[in-house]
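The values are calculated or read from the model by the stated rules, or taken from the named source; none is laboratory data. Predicted, not measured: the structure shown is a model, and the values here were computed from it. Don't worry about glycine lacking a Cβ; one is built from the backbone with ideal geometry, like all the others, and counts go over all protein chains shown.
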């Protein structure tokens, strides 16, 4: 069953084709020497892609493309959709055709699938931890270089929300911007007078005084960084009805509920993409020439 409303369509291939090309070149290079000396060129078979643990699936669309680009004649049949919860032992999909091609593509396909499902699974755990609150779980730019479009889609698959994609599509005044500009009010004044039309301004603050200064200077929403749930609650009490509030920094599965119950609208968590462990997925040959009666 889906863990939530299913995510939008996966990002178009053109946005991650280069990453796929690099991955295949890195792993296969001039050829899979082991498979070529063990498996005959006419060998055909069928393999099962399966979950070895409970997970929220993400990345089947990438795994499918890996198999296609290794061999356009392979038949890939997924049995789940992005964002669905899958129990350990369940099949995620099947691939049929040349055994040489299946085995050559196996590791690259599983690497993508395991990493992206790890992100979606961790995101879903954070969502579950704040269930029955109105708080949203949000990602950050702390993604693996080159993987951002896929990492952020995996957050969506797990039920999270994407923050700005990069430096060019959102204004976020961090502590170093504030320090370099000479303080919260000066940083906000510069941003307010120079910001492109249509872009909201978010600013990082670490105290109630900074939060009040930012609001007075016209901030659209605040990033409450490295605050305790108690400090967050005080800021929410003073400013919550008037401005969007987001907590970040030092947030884990153990304390995320306390931040949500403090009343913030969003919680951004870098660990969703920089610390998610890859889940255990595997490919098992079910039907090959040497396994048939």
Give just the number: which of (1) surrounded by fewer than 24 Cβ atoms within 10 Å (Cβ to Cβ); (2) within 9 Å of the chain's Cα centre (by Cα); (3) not assigned by TED's automatic domain parsing to the domain that holds residue 259 does residue 108 not satisfy? (2)
For the stretch 18-32, state whether one or more residues are surrounded by 17 or more Cβ atoms within 10 Å (Cβ to Cβ), part of a strand (DSSP E or B), over 19 Å from the mean Cα position of the chain (by Cα) and touching a residue at least 12 places away in the same chain (Cβ under 8 Å). no
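Check every one of the helices (runs of 4 or more DSSP H) wholly within the stretch 113-229 and list those with 3 or more residues that are more than 30 Å from residue 13 (Cβ to Cβ). Explain how you work it out, then say what you get.
Values: elements: 148-157, 175-181, 184-194, 208-216.
Of the helices (runs of 4 or more DSSP H) lying wholly inside the stretch 113-229, those with at least 3 residues that are more than 30 Å from residue 13 (Cβ to Cβ) span 175-181, 184-194, 208-216.
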Checking 116, 13 in turn, the sole residue that is surrounded by fewer than 20 Cβ atoms within 10 Å (Cβ to Cβ) and either at pLDDT 95 or above or not assigned by TED's automatic domain parsing to the domain that holds residue 282 (or both) turns out to be 13
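Does at least one position in the stretch 77-98 carry a residue that is part of a helix (DSSP H, G or I) and surrounded by 17 or more Cβ atoms within 10 Å (Cβ to Cβ)?
Taking every residue of the stretch 77-98 in turn, none turns out to be part of a helix (DSSP H, G or I) and surrounded by 17 or more Cβ atoms within 10 Å (Cβ to Cβ).
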Breaking point among (1) surrounded by 15 or more Cβ atoms within 10 Å (Cβ to Cβ); (2) at positive phi; (3) more than 19 Å from the chain's Cα centre (by Cα), for residue 74: (2)
Checking the structure you have, find out if any residue of the stretch 247-264 is in a strand (DSSP E or B), modelled with pLDDT of 95 or more and assigned by TED's automatic domain parsing to the domain that holds residue 163. yes
Of all residues in the stretch 130-158, how many are out of contact with any strand residue (DSSP E or B) (no Cβ under 8 Å at 6 or more places or on another chain), closer than 23 Å to residue 54 by Cα and surrounded by 20 or more Cβ atoms within 10 Å (Cβ to Cβ)? 6
Out of curiosity, is residue 179 loosely packed, with under 15 Cβ neighbours inside 10 Å and either in contact with a helix residue (DSSP H, G or I) (Cβ under 8 Å, 6 or more places away or on another chain) or more than 29 Å from residue 86 (Cβ to Cβ) (or both)? yes
In contact with a helix residue (DSSP H, G or I) (Cβ under 8 Å, 6 or more places away or on another chain), crowded, with 19+ Cβ neighbours inside 10 Å, modelled with pLDDT under 95 and on the phi < 0 side of the Ramachandran plot: is that true of residue 184 in this structure? yes
